[in-house]
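See below for the structure under consideration.
Coordinate-derived values only; no laboratory data. Please read all numbers here as calculations on a predicted model, not as lab measurements. No Cβ is skipped: glycine too gets one built from the backbone with ideal geometry, and neighbour counts run over all protein chains shown.
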Amino acid sequence: MAVLSENEIKERLKDLEGWQLKGKEISKLYTHKDFVDAIAFVNKVAILAEKADHHPDILINYNKVTLSLSTHSQGGVTDNDFNLAKRIDKK
């Protein structure tokens, strides 16, 4: 799987609400009602990620969850990251 160019990433980000390019990854901040809802969201993401065999970096700050996606084995953002981001946003 090839790493996408910065221009390709920026173009594809137009189809994903709230996702941003940060360095060599795409990330998004999700805000939830409280800590319990944030953890429930993370658990849903964990199931999706495991099924895709593609695991995001997850930062939890009380009711805020930041997800960062990058294909570490390729050293940047690939189709896998966009595919998982789309699945996560459907949850």
> Which of (1) more than 29 Å from Gly75 (Cβ to Cβ); (2) under 13 Å from the mean Cα position of the chain (by Cα) does Ala46 not meet, given it meets every other one?
Replying inline: (1)
> Which one is surrounded by the fewest Cβ atoms within 10 Å (Cβ to Cβ) among residues in the stretch 63-81 that are within 14 Å of the chain's Cα centre (by Cα) and part of a loop (DSSP other than H, G, I, E, B)?
Replying inline: His72
> Out of Ala40, Ala46, which single residue is surrounded by fewer than 16 Cβ atoms within 10 Å (Cβ to Cβ), assigned to a helix (DSSP H, G or I), touching a strand residue (DSSP E or B) at 6+ places or on another chain (Cβ under 9 Å) and among the small types (Gly, Ala, Ser)?
Replying inline: Ala46
> Restricting attention to the stretch 1-12, which residues are surrounded by fewer than 18 Cβ atoms within 10 Å (Cβ to Cβ) and part of a helix (DSSP H, G or I)?
Replying inline: Glu6, Asn7, Glu8, Lys10, Glu11
> Yes or no: Ile60 assigned to a strand (DSSP E or B) and surrounded by fewer than 18 Cβ atoms within 10 Å (Cβ to Cβ)?
Replying inline: yes
> Residue check: is Ile26 touching a residue at least 40 places away in the same chain (Cβ under 8 Å) and either of a type in the set (Asp, Glu) or surrounded by 12 or more Cβ atoms within 10 Å (Cβ to Cβ) (or both)?
Replying inline: yes
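Restricting attention to the stretch 20-37, which residues are farther than 24 Å from Val77 by Cβ and either aliphatic (A, V, I, L, M) or outside any loop (DSSP other than H, G, I, E, B) (or both)?
Phe35, Val36, Asp37
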